[in-house]
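Report on the following structure.
The values are calculated or read from the model by the stated rules, or taken from the named source; none is laboratory data. This one's a predicted model, so the numbers in the text were calculated from it and none came from an experiment. Here the Cβ is made from the backbone with ideal geometry for all residues, glycine too, and neighbour counts use every protein chain on show.
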Amino acid sequence: MLTNSAEEAKKEDLRKIIEIQTGLLKNRLTEKDIELILSGGAKDFFIKTGYNPDFGARPIKRAIQQYIETPIAKLMVEGKLMKNSKAFLKLSMIILSLI
């Protein structure tokens, strides 16, 4: 069983992985003049859904694809997310909002 400090260290490592993975997506979107903003609650959501003790942090990338990349791609195809747009991901039943 992990101590509180070990648990917090693990969460901080997961936050860094989420930052790296979402950073790659943010860079791709920046090339299209689209800004992606994630709330702290959204990051916590990915820590909970994207971590598996058997597989480690590997599922985080799939969760980001499922909950961010795919919805953004659909919005772009539908013409709802265009240049100079901002996409804000907040935790309220994991809703992607355009701002």
Only one of (1) β-branched (Val, Ile, Thr); (2) in contact with a helix residue (DSSP H, G or I) (Cβ under 6 Å, 6 or more places away or on another chain); (3) closer than 12 Å to residue 87 by Cα is not met by residue 30, so which one is it? (2)
If I ask for residues that are at pLDDT 85 or above, under 21 Å from residue 84 (Cα atoms) and in contact with a strand residue (DSSP E or B) (Cβ under 9 Å, 6 or more places away or on another chain), which ones from the stretch 39-72 would you list? 68, 71, 72
Subset of the stretch 25-47, residues surrounded by 11 or more Cβ atoms within 10 Å (Cβ to Cβ) and part of a helix (DSSP H, G or I), comes to 25, 26, 28, 29, 30, 41, 42, 43, 44, 45, 46, 47
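Given the condition in a loop (DSSP other than H, G, I, E, B) and in contact with a Gly (Cβ under 8 Å, 6 or more places away or on another chain), answer yes or no: does some residue in the stretch 56-69 qualify?
yes
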Where residues in the stretch 4-54 are under 18 Å from residue 76 (Cβ atoms) and basic (Lys, Arg), which of them is farthest from the chain's Cα centre (by Cα)? 32
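Select from the stretch 2-24 the residues that are polar (S, T, N, Q) and either surrounded by 11 or more Cβ atoms within 10 Å (Cβ to Cβ) or in contact (Cβ under 8 Å) with a residue 60 or more places away in the chain (or both) and write down the one among them that is farthest from residue 81 (Cα to Cα). Don't jump to the end; show me each part of the working.
Residues of the stretch 2-24 that are polar (S, T, N, Q), as a first pass: 3-5, 21-22.
The next check asks that each one be either surrounded by 11 or more Cβ atoms within 10 Å (Cβ to Cβ) or in contact (Cβ under 8 Å) with a residue 60 or more places away in the chain (or both); those that pass are 21-22.
On the way: 21: 21, 22: 18 Å.
Among residues in the stretch 2-24 that are polar (S, T, N, Q) and either surrounded by 11 or more Cβ atoms within 10 Å (Cβ to Cβ) or in contact (Cβ under 8 Å) with a residue 60 or more places away in the chain (or both), the one farthest from residue 81 (Cα to Cα) is 21.
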